[in-house]
Each structure stands twice: as C-alpha cells, then as structure tokens.
Amino acid sequence: MQSSNDPSRSTQTMRRSWWSRRGGACAGFTLIELLVVVAIIATLLAILLPSLGAAREQAKATVCLSNLKQTGMGFALYGEAYRDLYPAADDPVNSSPFYWLWMGRGFRNFVGPYLVPDINVENPSVLVCPSDKNEPDKFERTSYAYSLSFYHSAEQINAMDDLALSYSDPQEPIGQAASDVRWPAGKILAGEWNAYHKPFEGDSGWWSAKGVRQYVFPDGHASKHDSEQIAEANDGLPDPLMTIDGIRGFDVR
C-alpha cells in the first residue's frame, strides 16, 4: 500500500490534474499555442532562408570558378597543340550574327574541343555559369570572355584607347605565345563577363567600373576580384581586353 508521501503517487496526481485541465483525450492546442508555434516557425524561416540562399549562391560561384579553371586548362591544351600559341583569328569570327573571338561564343570553337566533345549552344558544358541569368540566345549560353591581349601584340593593344576598338576596325591578329606572358598570375586570360554572383543594374561587362567577377589566369589559377582591383587599361576602364602592354602587362597585382 502506497503512502500519501509516495513520489509516484504525487506524479500521477499531477498528470491527472493536467489532463483534466486539457479537457481529456479530445483536447487540442489552444489558438494562442498554435499562434506561438507558427510565430516560432516563421522566425526560424526568416533566419534560415537567407543563409540557405547565400549557401546556394556560394555553391554556384564555386562551380563557376571550377568552370574557369577547366577553361584555362582548355587554353593550355590548345597551346600544346599549336606551338605554345593562344587562339588567334581574324575578327569578327562570325558575321551572322556578328561576334568576336574574345567573346565566349567566339573562342568556344577553338578551346571547346579540348574541354568536351561537340561543344555548342545546346551543349555549353563548362562555358556557362550556373548563375548566368542572361537569355540563352544572348551569348549562345557562354558566360565568359577571352582577353583581346592574347591575340594582338602589345603595340596593337597600346594603340587602342577606346572600348569600341574591341569590336570595330579590327586589326590583324597576332597569336601570342604563353612564354611571353610576363605576369602569369596577374594578366587575366578569361573570366566572367558579367557580375553573375552579385548582379547590379547597368552591368556592361568588363567595361563596368563596379561589380565582382571571377577570372582565370595563364598560370592556371582562378580567383574572384572586385572591379576596383582591376588595373586601368588603355581605354581608361578596368578592361582586361586592353591591358596596358597587352600580354606583357598585368590586370591584378
């Protein structure tokens, strides 16, 4: 027989009292309790969703950086097959529609075969960044650009002082040799044309004086840089197309 001081009996009494206050087995949560739960869930979502979105974007940026490293490898393999030279061709390389070699869809046919078989607009492979929001037909699903400095001499590049000269009045291409790159870790070879990971209104690509982009360099490394870190080019812009002294110059210290 249990005494009145038995702890288990006291616990049972408390449970019965609580159950009675709840109205028995049929009782549910009160409106206030439901509102509290909803408020807690909403607060947690407000805290977690931005973090999840940032994590997803960081994952895309990592994929994009990997794409650029592979693209840089494509340029290196091309050079091994063509006497240490970078791709060079008469501009524009296509007239319907017009586009130039430095544009992603321009260098794709030169470097693409060293990346994957049958690379094209339907099979862009590593030439498209997962954060690129441009319409598929704008750049034929190519997200990156190739510096004009790698298929023009330093003298030709230094004579260009206007961004329009990137695509108008084209000069004779002169394929540059990898061995002539003076700053392999500082001269941009190719990179994101737009600021895909931190987009802003009015982004005009490498000619924009703001934004953050990722690039690959002749030494094979790829890294992210703010436009303010890019040296002023011959056209007065942070433009890796017209780097002062061309292939012998640098864009990032």
Could you go through the range 54-75 and let me know if any residue there is of a type in the set (F, W, Y) and not in a helix (DSSP H, G or I). no
Residue pairs within 8 Å by beta carbon, gap of at least six or interchain, first lying in the range 143-159 and more than 30 Å from P124 (Cα to Cα), second among the hydrophobic types (A, V, I, L, M, F, W, C) and crowded, with 24+ Cβ neighbours inside 10 Å, listed first then second, are A154/I247
Regarding F150, is this residue of a type outside the set (S, T, N, Q) and modelled with pLDDT under 95? no
The range 99-114, subset of a type outside the set (F, W, Y) and surrounded by 18 or more Cβ atoms within 10 Å (Cβ to Cβ), residue nearest to the chain's Cα centre (by Cα): G104
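Looking at this structure, is E228 at pLDDT below 95 and either on the phi < 0 side of the Ramachandran plot or not in a loop (DSSP other than H, G, I, E, B) (or both)?
Numbers: at pLDDT below 95: yes; either on the phi < 0 side of the Ramachandran plot or not in a loop (DSSP other than H, G, I, E, B) (or both): yes.
Judged against the criteria, E228 is a match.
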Residues being part of a loop (DSSP other than H, G, I, E, B) and at pLDDT 95 or above - total across the range 100-127: 3
S96 vs. criteria exposed (fewer than 14 other Cβ atoms within 10 Å of the Cβ) and at pLDDT 95 or above: no
Neighbours by Cβ (under 6 Å, 6+ apart or cross-chain): first from the range 126-142, more than 16 Å from F107 (Cα to Cα); second surrounded by fewer than 20 Cβ atoms within 10 Å (Cβ to Cβ) and of a type in the set (V, I, T): P130/V63
When restricted to P87, P117, P136, P170, the only residue under 22 Å from G249 (Cα atoms), of a type outside the set (S, T, N, Q) and either surrounded by fewer than 15 Cβ atoms within 10 Å (Cβ to Cβ) or in contact with an Asp or Glu (Cβ under 8 Å, 6 or more places away or on another chain) (or both) is P170
Starting from residues that are among the small types (G, A, S) and modelled with pLDDT of 95 or more, keep the ones in the range 55-79 and report whichever is nearest to G175 (Cα to Cα). G79
Could you run through the range 155-177 and say how many residues are part of a helix (DSSP H, G or I) and either in contact with a Phe, Trp or Tyr (Cβ under 6 Å, 6 or more places away or on another chain) or closer than 13 Å to L101 by Cβ (or both)? 2
Among the residues that make up the range 55-75, is at least one of them in contact with a Cys (Cβ under 7 Å, 6 or more places away or on another chain), over 22 Å from A177 (Cβ atoms) and surrounded by fewer than 18 Cβ atoms within 10 Å (Cβ to Cβ)? no
Suppose we filter the range 198-221 for residues that are within 20 Å of D180 (Cα to Cα) and buried (at least 18 other Cβ atoms within 10 Å of the Cβ); how many remain? 4
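Per-residue answers, yes or no, for (1) in contact (Cβ under 8 Å) with a residue 40 or more places away in the chain; (2) more than 14 Å from the chain's Cα centre (by Cα); (3) more than 24 Å from T62 (Cα to Cα); (4) part of a helix (DSSP H, G or I):
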{"site": "G186", "(1), (2), (3), (4)": "yes, yes, no, no"}
{"site": "N194", "(1), (2), (3), (4)": "yes, no, no, no"}
{"site": "H197", "(1), (2), (3), (4)": "yes, no, no, no"}
{"site": "L237", "(1), (2), (3), (4)": "yes, yes, yes, no"}
{"site": "I244", "(1), (2), (3), (4)": "yes, yes, yes, no"}
{"site": "R253", "(1), (2), (3), (4)": "yes, yes, no, no"}
Please pick out the residue among L237, L241 that is buried (at least 18 other Cβ atoms within 10 Å of the Cβ) and closer than 16 Å to W102 by Cα. L241
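The values are calculated or read from the model by the stated rules, or taken from the named source; none is laboratory data. These numbers were taken from a predicted model, which means no experiment stands behind them. Virtual Cβ from ideal backbone geometry, glycine too; neighbours counted across all protein chains shown.
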